[in-house]
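Asks: Sharing a structure here in structure tokens format.
None of the figures in this text is laboratory data; all of them are computed from the coordinates on show. This one's a predicted model, so the numbers in the text were calculated from it and none came from an experiment. Here the Cβ positions follow ideal geometry from the backbone for every residue, glycine too, while neighbour counts run over all protein chains shown.
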Amino acid sequence: MSKLIVGNLKMNLLTIAERDRYLESFERELKNFPENKAKIILCPPFVHLEKFSEKFKMENVSIGAQNIFWEERGSFTGEISSLMVKNIGCKYVILGHSERRKYFSESGEIINAKIKAALQDNLTPIVCIGESQAERNDGDTAEIIVAQINQSLKDVPISKITEVVFAYEPVWAVGSDAIPTGNDILEVRITIKKTLVEKYGASAAEKVRILYGGSVNSKNVAQVCVEPQMDGVLVGRESLIPNEFLKIVEIINAIRNNE
């Protein structure tokens, strides 16, 4: 399977001019990667989704949303449905990000409802899971990961599980310069796979991709992605700088070419 390199642009690109400069820069830098074997997924704010979808129509670049609501339509002021972003050109959606859990009090039940809505409309949910610093200090990482997976996948059938992508996103690493060791990440990967095997069987679990997210950059991507055998990365800050973001793609491509 190709590696997934997801760029979460968060609440940035404040003007049309800033957005257009970003798109021009990204397109220009992308031309330096004619042999790119990774799958790039860019997740801009809602207001830029249509323009991003129009700009990138190549096979190895897809567009994703940063969030959705769980209902398809109706009187839900300010919300965006999975069908809306699907019809505007999105193929992916980030769900359960630690910032959504922290600032908007998103529970496991809410995230589960959003995952099922995404799957119903053939969007691939990138589901973020991860422990806080306190939970890590108490040795509860595995317990938290298993609980979040079980909450996220409630009533998700085996026929849909291979369409779900998980991103291990330790809360304490997001927006900081702290990252887990490669062995720590590998242990979490094993925990996730073991949990999926118990729920869906080995054949289905093997096809579920697991990414790492949390302060990813070109200097540490080998440690957080390649060494622990992850299927890609979820990139925050570095995705706002096309050259830096594509350095991450370049490193992963180079390593894959040498395998």
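Asks: Looking at (1) free of Cβ contacts under 8 Å to residues at least 24 places away in the same chain; (2) under 24 Å from Gly175 (Cα atoms), which one does Gly78 not meet, given that it meets all the others?
Replies: Of everything listed in (1) free of Cβ contacts under 8 Å to residues at least 24 places away in the same chain; (2) under 24 Å from Gly175 (Cα atoms), Gly78 misses just condition (2).
Asks: I'd like to verify a number: residues in the range 106-123 that are outside any helix (DSSP H, G or I) and basic (Lys, Arg), how many?
Replies: Number satisfying all stated conditions: 0.
Asks: Being of a type in the set (Val, Ile, Thr), touching a Gly at 6+ places or on another chain (Cβ under 7 Å), surrounded by 21 or more Cβ atoms within 10 Å (Cβ to Cβ) and within 23 Å of Lys10 (Cβ to Cβ), is that true of even one residue in the range 226-245?
Replies: yes
Asks: Suppose we keep only residues that are buried (at least 19 other Cβ atoms within 10 Å of the Cβ) and within 27 Å of Lys55 (Cβ to Cβ) within the range 100-123. Which one would you say is farthest from the chain's Cα centre (by Cα)?
Replies: Ala117
Asks: Of everything in the range 85-105, what is assigned to a helix (DSSP H, G or I) and either under 29 Å from Pro170 (Cα atoms) or among the hydrophobic types (A, V, I, L, M, F, W, C) (or both)? Give them in sequence order.
Replies: Val85, Lys86, Ser98, Glu99, Arg100, Arg101, Lys102, Tyr103, listed by residue number.
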